[in-house]
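Comments concern the structure below.
The values are calculated or read from the model by the stated rules, or taken from the named source; none is laboratory data. Keep in mind that what you see is a predicted model, and the values were worked out from it rather than measured. Every residue, glycine as well, gets a Cβ built from its backbone with ideal geometry; the counts of neighbours run over all protein chains shown.
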Amino acid sequence: MPNGKVVEVRNLVKSFGEFAALDNISFRVDEDEIFGLIGPNGAGKTTTLRILATLLLPTSGYVRVLGYDVVRDADKVRPLISYLAEDAGTYRNLTGYEYLSIVARVYFGSGTDAESTVEEAVKISGLGDRINDKMKTYSKGMKRRIQVARALMTKPRLAILDEPTSGLDIFHAQHVRRLIKRHVEEGGVVILSSHNMLEVEHLCSRLAFIHRGRIMIEGEPQTIKDEYGVSNLEDAFMGVIGK
Amino acid sequence: MSRLKPLVEKEVKDLLRDPRIYIGLIVPIIMLPLIGFAVSIATRSATEVAVKDLKITLLDYDGTEASRGFISVLTLIGLNVRNTSTDNLDKALEEARTLGYKALLTIPKGFEKDLLGFGRVRVEVYAIMESVGIGSVGAYSAIDGALKTYSDILSSTLISKIDPRVDPDVIREPLNVTRYTMIKDRVIEVPPQALFGQLMLGYSFMVPMVLLILAITVTQIAATATAIENEEKTLETLLTFPVTRYDILMAKLLGSSIVAILGGILFTAGFLLYFEGLFSMPGLEIGVGSVFQTLPPPPLETYVVLALSLIISILFITSLGVVIGALSSDVRMSGSLLGIVIVPILIPSMLIMYGDLRTLPEALQIFVYALPTSYPMIMAKEMITSTMPIEVLYGIPYSAALTLIVVYATSKLLAPEKLLTLQYKLRLRRMKRKQAKELE
């Protein structure tokens with residue numbers, strides 16, 4: 001991996017017809033980092049994360065994950081990442097345990113690795129006995145917890161998390177934040193998007209403000225706050241976009 | 001393969017537990033036998049009741065020993081016969097109708113005289129229709145049967161009177177016709193009409209019908225399974241797993257096919273039970289199976305070709321189902337789009353079921369032969385009565401090539417970039433149409 005860079009995005013452009021979702025953005029994410037993409041709805045956060053997750057192709061520009069090009073080497077990128085979509089659903093008629101087991105076997109085959117991965121995921125989810133219920137009986141928060149467990153259980157080198165705490169109450173949101181921190185402590189890297197500035201401030205080692213498909217500023221939370229002479233990221237964001 | 005297995009397991013489990021799927025699978029095996037049973041029971045009981053309580057009234061203008069003998073025979077056969085209280089036909093009819101009689105028979109004056117003089121006697125039967133159920137038909141058939149029995153007794157008596165050495169049956173039916181049918185190299189003692197009737201009802205109709213239902217089921221399941229992924233927002237996650245697009249597509253194809261084949265088995269069982277119920281009706285006791293037992297079994301290679309064409313056909317339509325599901329944002333939309341695929345499958349099926357393909361206009365023949373789903377139906381229909389249809393032998397490599405193209409194109413569509421962009425465009429088009437309608 002060149003220079004400890006886990007993610008390298010250069011001059012990335014993504015257009016849907018005449019609409020430019022991403023307009024020449026560049027940033028990088030290094031080892032041991034939790035990197036946050038912050039911006040309002042429609043700013044281009046999800047599009048960026050989808051490109052990193054090999055779901056969308058860039059219109060132009062250059063995106064590498066752990067040294068692999070996400071377009072040319074998508075098959076090599078996928079085993080190294082896991083992606084949690086903002087509105088990721090669940091298979092209504094499978095139990096939480098069955099779902100985790102199927103995903104584990106997709107990643108690790110049917111050996112002991114898969115079994116231990118599932119056991120770990122069951123703990124991560126914190127669903128207790130409800131893990132054996134069909135997922136259609138789960139609340140929104142429970143579905144989110146099972147998806148977070150799914151995304152982190154494979155111990156991906158890069159976890160791409162789109163609004164990871166969306167739909168969770170304060171207790172479970174804190175639980176998920178702890179899991180994200182633990183994932184980085186265990187050697188993983190996380191790139192996430194969020195609307196919750198407080199969450200980002202406490203969780204992310206670095207972040208980028210994105211607005212109308214452009215990165216307005218990138219840096220450590222404290223540095224950004226200092227630069228704009230404000231006490232929180234929300235005010236910093238408003239300062240960045242000129243409001 | 002190790003990564004495909006859990007994905008197929010996911011498909012099968014998720015589908016079989018989905019009420020939108022399993023209800024559709026279970027309904028035929030419950031409903032069809034019930035319908036067959038209900039039709040059979042209703043028909044049988046209506047006929048039994050009608051025949052059991054079959055009351056007829058008689059207007060005897062002759063009043064001789066012969067006419068009384070006629071009445072005795074009818075009573076012996078099981079009819080409940082009663083003389084009218086009036087000599088007037090209109091009044092007798094009104095009386096019969098009021099008292100709930102099924103028919104009025106008139107024995108004309110000179111009945112005995114004409115019979116003894118070897119003349120032909122006119123007996124009038126007035127059927128009194130109170131309802132139009134199957135039971136009424138049974139009742140009037142029973143009256144006809146009784147009259148025919150009496151007529152046979154009379155003719156035997158008269159013939160014996162002319163010459164006691166002669167067998168009355170020989171005079172009545174001098175030609176003793178025994179009918180055989182030759183199929184392929186075997187001659188069987190079954191009239192061709194009966195064989196045709198049984199084959200038409202049983203095999204040429206039922207087997208393509210089952211295949212048609214299987215085709216529709218498999219398309220529906222594949223489309224629904226994929227549309228559910230869109231609706232529940234699970235497809236996006238699935239596409240980031242370290243598996244190839246082919247693995248995802250093959251899991252969908254295999255999962256849907258397994259469930260659809262299970263559905264096909266349940267439907268066939270339901271259909272057979274329906275026929276079982278239907279053929280237990282009076283007069284239809286000889287089932288389709290009895291005719292088939294007399295036929296030579298189709299050669300092994302025809303089964304191999306049938307299986308091959310069936311597998312290709314299922315892969316073809318499942319791929320189309322996946323395409324429909326992938327382009328649908330939800331199950332309801334995939335249901336609407338399914339018609340686009342089902343109609344072209346349905347029309348050739350009807351043409352194959354009811355007609356002879358070789359006699360169809362050329363354009364229709366091309367239409368039928370262009371679809372891989374036609375070949376198992378053609379094969380299933382033809383294999384029982386003829387050798388291997390030559391068009392199927394040409395059709396299999398063609399279908400295989402077309403199916404490969406469709407599977408390849410479908411796997412390409414499963415590239416998220418294309419899928420998300422196409423869905424985005426479709427959504428945009430729908431929104432524009434909606435806006436245009438609102439402006440109107």
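Given the conditions (1) touching a Leu at 6+ places or on another chain (Cβ under 6 Å); (2) under 16 Å from A:Leu152 (Cβ atoms); (3) aliphatic (A, V, I, L, M), and given that A:Ile38 satisfies all but one, which numbered condition is not satisfied?
(2)
Here are A:Thr117, A:Thr54, A:Thr112, A:Thr90: which of them is crowded, with 23+ Cβ neighbours inside 10 Å, out of contact with any strand residue (DSSP E or B) (no Cβ under 7 Å at 6 or more places or on another chain) and not charged (D, E, K, R)?
Selected residue: A:Thr54, the only one of A:Thr117, A:Thr54, A:Thr112, A:Thr90 that is crowded, with 23+ Cβ neighbours inside 10 Å, out of contact with any strand residue (DSSP E or B) (no Cβ under 7 Å at 6 or more places or on another chain) and not charged (D, E, K, R).
Quick check, is B:Phe316 at pLDDT below 80 and either assigned by TED's automatic domain parsing to the domain that holds B:Tyr394 or under 15 Å from B:Ser374 (Cβ atoms) (or both)?
No, not satisfied.
Looking at segment B:203-216, is at least one residue among the hydroxyl-bearing types (Ser, Thr, Tyr) and modelled with pLDDT of 80 or more?
No, that holds for no residue.
Only one of these is at positive phi and within 11 Å of chain B (Cβ to nearest Cβ): A:Gly109, A:Gly128. Name it.
The unique qualifying residue is A:Gly109.
Select from segment A:93-114 the residues that are of a type in the set (D, E, K, R) and modelled with pLDDT of 90 or more and list them in ascending order.
Scanning segment A:93-114 gives A:Glu98, A:Arg105.
Would you check which residues across segment A:31-79 are without any contact (Cβ under 8 Å) to a residue 40 or more places away in the chain and either under 25 Å from A:Lys181 (Cβ atoms) or acidic (Asp, Glu) (or both) and list them?
Selection gives A:Arg50, A:Asp69, A:Asp73, A:Asp75, A:Val77, A:Arg78, A:Pro79.
Between a first residue in segment A:186-214 that is farther than 26 Å from A:Leu66 by Cβ and a second residue that is outside any loop (DSSP other than H, G, I, E, B), which pairs have beta carbons less than 6 Å apart while being 6 or more apart in sequence or on different chains?
If the second residue must be outside any loop (DSSP other than H, G, I, E, B), the pairs left are A:Met197/A:Leu233; A:Met197/A:Glu234; A:Glu201/A:Pro221; A:Glu201/A:Leu233.
The rows are residues; the columns are (1) crowded, with 17+ Cβ neighbours inside 10 Å; (2) under 16 Å from the mean Cα position of the chain (by Cα); (3) not aliphatic (A, V, I, L, M).
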{"site": "A:Asn132", "(1), (2), (3)": "no, no, yes"}
{"site": "A:Ile160", "(1), (2), (3)": "yes, yes, no"}
{"site": "A:Leu168", "(1), (2), (3)": "yes, yes, no"}
{"site": "A:Phe171", "(1), (2), (3)": "no, no, yes"}
{"site": "A:His183", "(1), (2), (3)": "yes, yes, yes"}
{"site": "A:Glu186", "(1), (2), (3)": "no, no, yes"}
{"site": "A:Ile191", "(1), (2), (3)": "yes, yes, no"}
{"site": "A:Cys204", "(1), (2), (3)": "yes, yes, yes"}
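What pairs come out if I take residues in segment B:13-32 that are at pLDDT 75 or above and pair them with residues that are of a type in the set (A, V, I, L, M) and outside any helix (DSSP H, G or I) whose C-beta lies under 7 Å away, six or more apart or interchain?
B:Lys13/A:Leu94; B:Asp14/A:Leu94
Select, from A:Val63, A:Val29, the only residue that is more than 11 Å from chain B (Cβ to nearest Cβ), modelled with pLDDT of 90 or more and under 26 Å from A:Glu201 (Cβ atoms).
A:Val29
Looking at segment A:27-46, can you tell me whether even one residue there is within 17 Å of B:Thr240 (Cβ to Cβ) and buried (at least 23 other Cβ atoms within 10 Å of the Cβ)?
Looking through segment A:27-46, at least one residue is within 17 Å of B:Thr240 (Cβ to Cβ) and buried (at least 23 other Cβ atoms within 10 Å of the Cβ).
So the check is Cβ under 8 Å with 6+ separation or different chains; which pairs have a first residue in segment B:231-251 that's touching a residue at least 12 places away in the same chain (Cβ under 8 Å) and more than 8 Å from chain A (Cβ to nearest Cβ) and a second one that's of a type in the set (Lys, Arg) and surrounded by fewer than 21 Cβ atoms within 10 Å (Cβ to Cβ)?
B:Arg245/B:Lys412; B:Asp247/B:Arg3
List pairs: first in segment B:391-407 and touching a residue at least 40 places away in the same chain (Cβ under 8 Å) and of a type in the set (Gly, Ala, Ser), second in a helix (DSSP H, G or I) and surrounded by fewer than 19 Cβ atoms within 10 Å (Cβ to Cβ), Cβ under 9 Å, 6+ apart or cross-chain?
If the second residue must be in a helix (DSSP H, G or I) and surrounded by fewer than 19 Cβ atoms within 10 Å (Cβ to Cβ), the pairs left are B:Ala400/B:Leu308.
Which helices (runs of 4 or more DSSP H) sit wholly inside segment B:360-440 and have at least 1 residues that are at pLDDT 80 or above and assigned by TED's automatic domain parsing to the domain that holds B:Thr302?
B:362-369, B:374-382, B:390-413
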